[in-house]
Amino acid sequence: MEPVPTATELPGLGLLQGWQNPDGTKQFFGIPYAQFSERFRPSAEVASWPEGRCDARKLGRYAPQPQRPFYPFPMPERPHLGESHQGEFDCLNLQITLPAGTKPDDKLPVMIWFHGGGYVFGTANYSVLDGCGLANISSEIGCPTIFVTVNYRLGFFGFLASDDIKEDNATYGGGNGNQAIGDQHNAIKWVVKNIRGLGGNPEDITLFGQSAGAISVDMHLRAPHRHLIKRGILMSGVAPICGRYTEAEYHTLYLKLVRACGIDMNLPGPERLAALRAVPYEKLCTLTFEVMNNLNLPQFGPCADGKVLGEAQVPYLADYVHDCEKEGIIYDHEFTMSPEELVSWIKDTLPEEIASEALAHYSISSTMSERELYHACEAIVTDAVFCGPAYFLAKNHPDSFVAHWDYRSPFDNAWGGYAHHSLDYLFSWQGLNGILKPHEIALGRATAEDYIRFANGKEPYPVRISNEDGTSQRACRVYTAEAKAEVYGWNEYKGRPLEWFERIGPYLDGFDKLSFEITMRRNKLVSLEHAGSGKDTSKVTFL
């Protein structure tokens, strides 16, 4: 059987057309939630539809981005939705999936997903992020839930800041950069305002996201609009894993982009900005690698402009924190420094009392092999950027849920055999079930059930477990290498080096700086003296 057209009236907006699938779920794609008038300007929430109608039966356009230099993962076909294309001014749209049998007065919990990709790559249009699998699971376990996935601006378009952009934005609400975070905020507001008409509860919103998407969730949980959100799930990301840039550093990247476009850097600010806005978006995408010094995984991050989180961060911590065993492997193309360089960076970046311990802990020496260097770099980045910060966030929020993904990739590619970054969400969204083995499908479902129960206000597993002496200890969920969803005592689980995290805790800022030198050559990145000369992404190899 094939999907059939369906339509519903959304109060205040008009007729929303979508699809009803053979399993009874209903889906709506490419729904515009915000718009913006000029490149680099803040977006504003969409309040009406042309002619009171929205045809949400085809995929909307997604944010401009360069070619993704990662190994490909299979995408299930959805021919009734048409092809997916990039677009600059019409990329702010979202998709909604309703469980079978949803009625307008149901008041179901809502989960809003922000995708990852280093704020450079990715889209909610990926078919592996189709919400049907999760919606069906939610119904089967008695926790029917509505799922929303969001497209937002990326790369230069979503984060670039500069003196010129700040001056231009002064008449559009202020701020400098962080356009994508504003887009996401508008998506949240759109859902809160309109989801009731589709059977959702606007007062029961859970944000969840992976990698850069998790950073986004973390930022929204700490922002002044926190009251719009009831819960948050962070998968492989705590702000700022993609780095945080000052306004001065972003202005340097802006000038590097202006120069790469052949624009005179000495033009007056308004003229310089106008010239950059006239450059086709396709060219700006192509120049991403050059401006970002030919990094294999260029990434953007929030600009510390004093506005994105308001004047002060709201002291709120996520309720659910999830990491993977080998997070840092995504940067493996950048593990190309010599052993001597790595030793020098550690000694120059960290205080002497911890530098020597770090060299010993990660078995780093000037005579180490290429493979040993690779694993040392991966471990430093995993500890300092991903798992260590997640540990401290969870430690400071004793009632939060903690989960670890240790199941190793079964795929025949460079990351096969590793419990790597992104593997957990690919399993949990059910989009790869067609190529997974039964025990892997069951593990992905267990992960999904945990998230869904949490979003429905239930305990996915016990927060604490009893000890033999009658006391109790904090628990954590582990998706094990044996494909089991187990509960461990936090102090008994040995899959993360908690004692080492405690040791490096006082020096975490230094380890963070070291990690961004390893992964991004940060000092050169924010210097006008250094730029790449283009990148061939067609021949990407791994160690």
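The values are calculated or read from the model by the stated rules, or taken from the named source; none is laboratory data. What you see is a predicted model, and the numbers here were worked out from it, not measured in a lab. Because the Cβ atoms are built from the backbone with ideal geometry, glycine has one as well, and the counts that use them run over all protein chains shown. Accessible surface areas use protein heavy atoms only, side chains included; no ligands, DNA or RNA. Shrake-Rupley method; radii C 1.70, N 1.55, O 1.52, S 1.80 Å.
If the only charges are +1 at each Lys and Arg Cβ and -1 at each Asp and Glu Cβ, what is the size of the charge dipole of the chain around the Cα centre, to the nearest 20 debye? Intermediate values should be presented prior to the final figure.
Details: 49 positive and 67 negative charges, 243 e Å.
The dipole of the chain has a size of about 1160 debye.
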Mind checking which of Gln67, Leu92, Leu108 is farthest towards the positive end of segment 1-125's charge dipole, using Cβ charges of +1 (Lys, Arg) and -1 (Asp, Glu) about the Cα centre?
Gln67
Over 31 Å, how big is the tail of the calculated P(r) for the chain, in percent of all Cα pairs?
46 percent
Simple label model, 7 Å out from Cα along Cβ direction - Thr8 to Lys458, nm
2.2 nm
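Compute the accessible area per residue over segment 124-213, keeping the other protein chains in place, probe 1.4 Å, unit Å². It would help to have the intermediate numbers written out before the result.
Numbers: 2070 Å² over 90 residues.
Per-residue value: 23 Å².
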Alpha-carbon radius of gyration plus Dmax, which is the widest Cα pair, for segment 209-357 in Å
19.1, 52
Take each of the peptides 447-459, 275-287, average the number of other beta-carbon atoms within 10 Å over its residues, and list them starting from the highest.
447-459, 275-287
Taking max minus min of the Cα coordinates of segment 274-367 on each principal axis, largest first, gives extents in Å of 51, 38, 27
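Might you tell me the accessible area per residue for segment 400-543, computed with a 1.4 Å probe and given in Å²? Walk me through the intermediate numbers first.
On the way: 6660 Å² over 144 residues.
Value returned for segment 400-543: 46 Å² of accessible area per residue.
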In square angstrom, what is the accessible area per residue of segment 36-102 with a 1.4 angstrom probe?
48 Å²
Within the accessible area of the chain (1.4 Å probe), percent carbon and sulfur:
50 percent
Using a 1.4 Å probe on the protein heavy atoms only, what accessible surface does Asp348 show? Give it in Å² to the nearest 10.
120 Å²
Solvent-accessible surface (1.4 angstrom probe) belonging to His439, in square angstrom, nearest 10:
90 Å²
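Per the helix-only calculation at 222 nm, which mean residue ellipticity applies to the chain, given -39500 (n - 2.57) for every DSSP H run of n ≥ 4 and division by its residues, nearest 500 deg cm²/dmol? Don't skip to the end; give the middle numbers.
Details: 18 runs with 169 residues, N = 543.
Result for the chain, helices only: -9000 deg cm²/dmol.
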Dimensions (Å) - segment 333-437, Cα atoms, principal axes, largest first:
49, 39, 17
Could you give the distance between the Cα centres of segment 383-451 and segment 235-297, to the whole Å?
33 Å
Of the listed peptides 323-331, 366-374, what is their order by residue-averaged count of other C-beta atoms within 10 Å, with the highest listed first?
323-331, 366-374
Heavy-atom accessible area of Met265 with all protein chains present, probe 1.4 Å, nearest 10 Å²?
60 Å²
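For Tyr33, Tyr126, give me the order by solvent-accessible area with a 1.4 Å probe, most accessible first, ignoring ligands, DNA and RNA. Numbers along the way, then the final one.
Values: Tyr33 0, Tyr126 45 Å².
Reading off the accessible areas and sorting them downward yields Tyr126, Tyr33.
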Of Asp509, Asp90, ordered by accessible area with the largest first and a 1.4 Å probe, the sequence is Asp509, Asp90
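Probe radius 1.4 Å, ligands and nucleic acids left out: which of Lys395, Lys26, Lys484 has the largest accessible area, and how do the rest follow? Before the final figure, lay out each step's value.
Working: Lys395 90, Lys26 65, Lys484 110 Å².
Descending order: Lys484, Lys395, Lys26.
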